[in-house]
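Student: Once you've had a glance at the structure underneath, I'll fire off some questions.
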Amino acid sequence: MKTLLLSWQFWAVLAALFAAMTAIFAKVGVEGVGADFATFIRTWVVIFALAVILTLTGEWQGFSEISARSAVFLVLSGLATGASWVCYFRALKLGDAARVAPIDKLSVVLVAVFGVVFLGERLSLPNWLGICLIAAGAVLVAWRA
């Protein structure tokens, strides 16, 4: 069990499961609520939940322990997350969850491209084939016939 908890695959599958639940819960939750206000509520819930987790695990850190580089990139990541959430909730307000979520998951394709371009990561031919299939699948699921 301990090996499983240390596996990136385990946590990635849980992330996908929770992301799917997020889409369904958010679609129901934005009914009669402004998309931006819904994002505001979601953000406070995340902040509270993380505060509880940090307290229970004893993983609070002083800000002085974080390098300037890490701080800058964590702030940029936070801004990107906020922008993503605002856009996602607006899309859910206007569209079907079953069509919005796959387009949102085109982020998988963009992460692969950005990882190669900006981080120097290397992907094999089968990896690139998978990326292309993810892109094609997202478009096909979102396609309105």
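The values are calculated or read from the model by the stated rules, or taken from the named source; none is laboratory data. This one's a predicted model, so the numbers in the text were calculated from it and none came from an experiment. Every residue, glycine as well, gets a Cβ built from its backbone with ideal geometry; the counts of neighbours run over all protein chains shown. Just so you know, the surface numbers come from the protein's heavy atoms only, side chains and all, with ligands and any DNA or RNA stripped out. Shrake-Rupley method; radii C 1.70, N 1.55, O 1.52, S 1.80 Å.
Student: For region 124-133, which residues satisfy the criterion of being of a type in the set (A, V, I, L, M, F, W, C) and more than 19 Å from K105 (Cα to Cα)?
Tutor: Selection gives L125 alone.
Student: Could I ask something else about it? Between a first residue in region 58-83 that is within 24 Å of W44 (Cβ to Cβ) and a second residue that is of a type in the set (A, V, I, L, M, F, W, C) and open to solvent by less than 90 Å² (accessible area, probe 1.4 Å), which pairs have beta carbons less than 7 Å apart while being 6 or more apart in sequence or on different chains?
Tutor: These pairs meet every condition: W60/L54.
Student: Kindly indicate which of A138, A112 is open to solvent by less than 90 Å² (accessible area, probe 1.4 Å) and at pLDDT below 95.
Tutor: A138
Student: From the residues in region 8-47 that are open to solvent by 70 Å² or more (accessible area, probe 1.4 Å) and of a type in the set (D, E, K, R), which one is modelled with the lowest pLDDT?
Tutor: Among them, the one singled out is E31.
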